[in-house]
Amino acid sequence: MLTHDVQKRPGLSAPGATTSAGAAGDVDTGRIRAALTSRYQELTTEYEQAMAQSQVLRLIEGGDTAGDDQADSGTKTAERDAAQSLIRSILDQRAQFEHALARLTAGDYGRCEGCAGPIPIERLEIYPSATTCVTCKQSRERRAA
């Protein structure tokens, strides 16, 4: 089952180490790359499992549906929609981690895309694919509302 990445990921902070970006001065780039890559691989596995489950649903639905009543049809539609939503969510998270890895390679990881200031290490520990500081994130959400 897909869980939001709100728990601390071990291995993101290492007191005394520095990054090439220098944004969060106590972060070890190698450990971050390993943590981001690990989560990306977990999401890839979740994606493959979700796709397999989606295929099973299609096979089940592919049978004779002539005798289905409205409730059966509605249940199948809800299951199909939930499976597709899960797949989209996993793909979105994978894209976020790909972006974080690209920023790490470019030396921009840990810098806010909005104000170019440092993203606090506590935010990166909780949300390793964060691209904005809390202030910029809140500003974006207010504008979107």
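Would you mention how many residues in region 102-112 are modelled with pLDDT of 95 or more and surrounded by fewer than 17 Cβ atoms within 10 Å (Cβ to Cβ)? Residues meeting the conditions: 1. Determine if region 53-70 includes at least one residue that is surrounded by 18 or more Cβ atoms within 10 Å (Cβ to Cβ) and part of a helix (DSSP H, G or I). No, every residue in region 53-70 fails to be surrounded by 18 or more Cβ atoms within 10 Å (Cβ to Cβ) and part of a helix (DSSP H, G or I). When Gly110 is tested against (1) touching a residue at least 60 places away in the same chain (Cβ under 8 Å); (2) under 30 Å from Ala52 (Cα atoms), only condition (2) is not met. Checked against (1) surrounded by 13 or more Cβ atoms within 10 Å (Cβ to Cβ); (2) free of Cβ contacts under 8 Å to residues at least 60 places away in the same chain; (3) β-branched (Val, Ile, Thr), Ile90 passes all but condition (2).
Within region 113-127, residues that are surrounded by fewer than 17 Cβ atoms within 10 Å (Cβ to Cβ) have Cβ atoms under 6 Å from residues that are part of a helix (DSSP H, G or I) and not aromatic (Phe, Trp, Tyr) in these pairs: Gly114/Cys136; Cys115/Cys136, counting only partners at least 6 apart in sequence or on another chain. If you go through region 104-145 and keep only what is among the aliphatic types (A, V, I, L, M) and part of a helix (DSSP H, G or I), you end up with Leu104, Ala106, Ile121, Leu124, Ile126, Val134, Ala144.
The values are calculated or read from the model by the stated rules, or taken from the named source; none is laboratory data. Keep in mind that what you see is a predicted model, and the values were worked out from it rather than measured. For neighbour counting, all protein chains shown are included, and Cβ atoms are generated from backbone atoms with ideal geometry for every residue, glycine included.
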